[in-house]
Amino acid sequence: QLQLQESGPGLVKPSETLSLTCTVSGGSISSSSYYWGWIRQPPGKGLEWIGSIYHSGIAYYNPSLKSRVTISVDTSENQFSLNLRSVTAADTAVYYCARDLGYTGYFDPWGQGTLVTVSS
Amino acid sequence: QSVLTQPPSASGTPGQRVTISCSGSSSSIGSDTVNWYQQFPGAAPKLLIYSGRQRPSGVPDRFSGSQSGTSASLAISGLQSEDEADYYCATWDDNVLFGGGTKLTVL
C-alpha cells in the first residue's frame, strides 16, 4: 500500500526558506507514470495546489507561487522535496504531499500533512 | 484567474439525499473532468470521486458525481452522520484549481 509522509521544520522565520521532504513507501517514485505533488491548507481555509514533479525532474507549478517555489526529486531515496522562499505569515499552513495523476487535479493518496508556522 | 465556486455550507437529515455544486468556466469544468475530496477535521483530504463520476475502490456507492457544461455536482444519498465533513471539488485549467470547500452538516 502506497504511503506518503511529510517531514521538516514546524517553524520557519519570515523571509527564510521553508523546506519539506515527502518520503514515499510501498512503491517507487520512478516506477509509475504519476507525478508527485504538494498542496497546502492555511488554518481554517481551503486547499491550494503548490506544484508537482515527475520522477524525471520535470515540474509544473501554481503560477501564483512559481517565483518562490522549487520542487525536486531524489529517486535514490524515494523522496521529493519542496522549497518555498521568502516566506511570510501568509505561508503558514498544513502542507500535504500526494501522488498526482498530472494536470488533472487528481491526488491520491495523501500524506497526513505537517503544520508549518511562519513566525519570528 | 479561473475559480471553482462551491456553496460554503450544506445540510441534511439522516437518510436524505444532498447535493453539493461546483461551478466553473468553459476553460475549467467545461474542458476537463472534476475530482471530489472528502476531509474530516484534522485529517488529510481523501479522493472521493475522480474523472467526474468514478469512485475509487472502497468509496460507498452512496456517493456519486456528475458534470454538465461548466458545473459539476456531488450527490450523497442515504445521508449518514459520518458523512459530516468538508467537501472540495478540483480540476485543471492551466493550474490545479480547488473549490473553496463545502461544510456538510448532518442534522
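We did not get these values from a lab; they are worked out from the coordinates using the rules stated. These figures come from a predicted structure and were not determined experimentally. Glycine gets a Cβ as well: all are built from the backbone with ideal geometry, and neighbour counts include every protein chain shown.
If you check B:2, B:28, which single one turns out to be surrounded by fewer than 18 Cβ atoms within 10 Å (Cβ to Cβ), in contact with an Asp or Glu (Cβ under 7 Å, 6 or more places away or on another chain) and within 12 Å of chain A (Cβ to nearest Cβ)? Spell out the reasoning first.
Working: B:28 fails: surrounded by fewer than 18 Cβ atoms within 10 Å (Cβ to Cβ).
Of B:2, B:28, the one residue that is surrounded by fewer than 18 Cβ atoms within 10 Å (Cβ to Cβ), in contact with an Asp or Glu (Cβ under 7 Å, 6 or more places away or on another chain) and within 12 Å of chain A (Cβ to nearest Cβ) is B:2.
In the range A:84-98, what residues are surrounded by 24 or more Cβ atoms within 10 Å (Cβ to Cβ) and in contact with a helix residue (DSSP H, G or I) (Cβ under 9 Å, 6 or more places away or on another chain)?
Once the filter is applied, which keeps residues that are surrounded by 24 or more Cβ atoms within 10 Å (Cβ to Cβ) and in contact with a helix residue (DSSP H, G or I) (Cβ under 9 Å, 6 or more places away or on another chain), the range A:84-98 yields only A:84.
How many residues does the range B:31-57 contain that are surrounded by 17 or more Cβ atoms within 10 Å (Cβ to Cβ), closer than 18 Å to residue B:79 by Cα and in contact (Cβ under 8 Å) with a residue 24 or more places away in the chain?
Total meeting the criteria: 6.
Can you confirm whether residue A:19 is assigned to a strand (DSSP E or B), touching a residue at least 60 places away in the same chain (Cβ under 8 Å), under 17 Å from residue A:88 (Cβ atoms) and more than 10 Å from every other protein chain (Cβ to nearest Cβ)? Write out each step before concluding.
Details: assigned to a strand (DSSP E or B): yes; touching a residue at least 60 places away in the same chain (Cβ under 8 Å): yes; under 17 Å from residue A:88 (Cβ atoms): yes; more than 10 Å from every other protein chain (Cβ to nearest Cβ): yes.
For residue A:19, the condition - assigned to a strand (DSSP E or B), touching a residue at least 60 places away in the same chain (Cβ under 8 Å), under 17 Å from residue A:88 (Cβ atoms) and more than 10 Å from every other protein chain (Cβ to nearest Cβ) - is met.
Check whether at least one residue in the range A:87-97 is assigned to a loop (DSSP other than H, G, I, E, B) and touching a residue at least 60 places away in the same chain (Cβ under 8 Å), and report yes or no. Explain how you work it out, then say what you get.
Within the range A:87-97, the first condition is being assigned to a loop (DSSP other than H, G, I, E, B), and the residues that meet it are A:87-88, A:92.
Narrowing further to those that are touching a residue at least 60 places away in the same chain (Cβ under 8 Å): A:87-88.
Looking through the range A:87-97, at least one residue is assigned to a loop (DSSP other than H, G, I, E, B) and touching a residue at least 60 places away in the same chain (Cβ under 8 Å).
Which one is nearest to the other protein chains (Cβ to nearest Cβ), of the residues in the range A:45-71 that are touching a Phe, Trp or Tyr at 6+ places or on another chain (Cβ under 7 Å) and small (Gly, Ala, Ser)?
Across the range A:45-71, the extreme among qualifying residues is A:46.
Report the residue count in the range A:57-86 for those that are in a loop (DSSP other than H, G, I, E, B), in contact (Cβ under 8 Å) with a residue 12 or more places away in the chain, over 17 Å from residue A:15 (Cβ atoms) and polar (S, T, N, Q).
The initial filter retains those residues of the range A:57-86 that are in a loop (DSSP other than H, G, I, E, B), namely A:57-58, A:62-65, A:75-78, A:85-86.
Next, from what is left, pick out any that are in contact (Cβ under 8 Å) with a residue 12 or more places away in the chain: A:57, A:62, A:65, A:75, A:77-78, A:85-86.
Next, from what is left, pick out any that are over 17 Å from residue A:15 (Cβ atoms): A:57, A:62, A:75, A:77-78.
Remaining after also requiring polar (S, T, N, Q): A:62, A:75, A:78.
Result for the range A:57-86: 3.
Tally the residues that are more than 9 Å from chain A (Cβ to nearest Cβ) and either in a strand (DSSP E or B) or closer than 24 Å to residue A:6 by Cα (or both), restricting the search to the range B:43-55. Spell out how you get there, then give the answer.
First, pick out the residues of the range B:43-55 that are more than 9 Å from chain A (Cβ to nearest Cβ): B:48-49, B:52-55.
Then drop every residue that is not either in a strand (DSSP E or B) or closer than 24 Å to residue A:6 by Cα (or both), which leaves B:48-49, B:54.
Total meeting the criteria: 3.
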